[in-house]
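Following: one structure in structure tokens, then a few remarks.
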Amino acid sequence: MDLSIVDLSPVPDGGTATDAYANTVDAAQQAERLGYTRFWVAEHHGMANTLAGTTPEVLLGHLAAETDEIRLGSGAVLLNHYSPYKVAEVFGALDGLAPGRIDAGLGRANGSPAADQALGTERHVQNPDEDHAEKIEAVVSHLYDEFPDGHAYADLSIPSSGATPPTPWTLGSSPSSAALAGELGLRYCFAAFIRPQFAEYAFEDYREAFTPAESAGGIDEPEGIVALNAVCAETDEEAARLRAVAEASYKRMQRGVVGTTPSVEEAIDELGGVPDPTPATLDDDEWPRAISGSPETLAGLFEQLTDRVGVDEVMVQHVVSDHEDALRSHELLAEGVGLTPR
């Protein structure tokens, strides 16, 4: 099994964006040493005092200089906010900085009305899926120089290393995004930490809709990643204690409090106690929003969940208040899954 990481650049309690970015670099370098396949960074807007991951294109440029081998990418760049040509130029430049190891993770999401207005984003389009598909196709066409002769964009060029162009991925958390990825013949990553109840349906729709791509950026057979919220510790009980942060954060979101991360102690207090450990074996209809456990427990859970959706790569996302706990979790996960260090 391949293991990867998506990092949101959370701002430490009492810290700044500078501290958040330093922690992200630290996590990427550790992931490279441990043998993780890829390291992606996210894009969120309007909550930079708690999540500094607003501009993956900037952070990826820095990570390119601070790493040597691990694949780097966006999880995701929110394409509804931007021109496809500009996005392609950004990823072409990143390819120039880190030849042959850039993933262009393409997604969409609306933030608050104020953030979307400030970004100049049209919140209401006539056909959102069609609009998104057209933008993804345009990015891929720019990256792989595939606009036909006579097209208005045929003579436009973007930066390139001359090696393998950035690999396009379609990201989403719904069956509609999965079907779109399948129709385009692109790789697909499903965010099960957002809507776990749709994970199996999404990958079914992806495979049913899959059509081999004519584009050089596409694939001949379905290829996917499932992204899970997971935290690891030496024991199931200690890991459940750390998972309290994710559980309390989700409850805050349900109350409309977005982007805040409690400490472990605050989370346990808000929940009224430490959550029960995640069972080593899940029921067939059970897919928790967040899971936790020892290395052995999580390795088994990853096998169960990837088997359900038919993929062999897990992208780990977590909500952990302490950076050292986050690094230790990644280290233990690598041991549990049996990654080969670089």
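In this view, the solvent-accessible surface of residue 141, computed with a 1.4 Å probe and all protein chains in place, comes to about 30 Å².
With a 1.4 Å probe rolled over the protein heavy atoms of all chains, the accessible area of 6, 257 falls in the order 257, 6, largest first.
Note on segment 1-136: Kirkwood hydrodynamic radius from all Cα pairs is 15.6 Å, rounded to one decimal. Each Cα pair under 8 Å and six or more residues apart adds its sequence gap; the mean of these over the residue count of the chain is a relative contact order of 18 percent.
Full extension of the chain segment joining residue 255 with residue 29 gains 77.8 nm, where the gain is 0.36 nm per residue of separation less the Cα-Cα distance. Any idea what diffusion coefficient the chain gets from Stokes-Einstein, in µm²/s, Kirkwood Rh on alpha carbon pairs, 20 °C, 1.002 mPa s? For these conditions, the coefficient is 105 µm²/s.
Net charge near residue 208: determine it from the other residues with C-beta under 13 Å of the C-beta of residue 208, scoring Lys and Arg +1 and Asp and Glu -1. Kindly include the intermediate steps, with their values, before the conclusion.
On the way: positive: 207; negative: 183, 200, 204, 205.
My count for the surroundings of residue 208 gives -3.
The modelled label-to-label distance between residue 276 and residue 123, using points 7 Å beyond Cα along the C-beta direction, is 4.0 nm. By DSSP, the beta bridges lying fully in the chain are antiparallel in about 5 percent of cases.
Ranking request for peptides 15-26, 142-153, 71-82: highest mean number of other beta-carbon atoms within 10 Å first, then the rest in descending order. Write down the numbers at each step before the final one.
Numbers: 15-26: 16.9, 142-153: 13.7, 71-82: 23.4.
In descending order of packing, they fall as 71-82, 15-26, 142-153.
Heavy atoms only, probe 1.4 angstrom, no DNA, RNA or ligands counted: give me 221, 234 ranked by accessible area, highest first. Don't jump to the answer; show the numbers that get you there.
Details: 221 130, 234 105 Å².
Correct descending sequence by accessible area is 221, 234.
Rg then Dmax, both in Å and based on the Cα atoms of segment 213-342: 16.2, 54.
Per-residue counts of other Cβ atoms within 10 Å, averaged by peptide: what ranking do you get for 188-196, 224-232, 103-111, 48-56, highest first? Mind showing how you got there, number by number?
Numbers: 188-196: 24.6, 224-232: 26.3, 103-111: 22.6, 48-56: 19.3.
Top of the packing list down: 224-232, 188-196, 103-111, 48-56.
In plain terms, the chain from residue 16 to residue 308 could stretch by 101.1 nm, reckoned as 0.36 nm per residue minus the Cα-Cα distance.
The values are calculated or read from the model by the stated rules, or taken from the named source; none is laboratory data. What you see is a predicted model, and the numbers here were worked out from it, not measured in a lab. Using ideal geometry, Cβ is built from the backbone for each residue, glycine included, and neighbour counts are taken over all protein chains shown. To get the accessible areas, we keep the full protein, side chains included, count just its heavy atoms, and leave off ligands, DNA and RNA. Shrake-Rupley method; radii C 1.70, N 1.55, O 1.52, S 1.80 Å.
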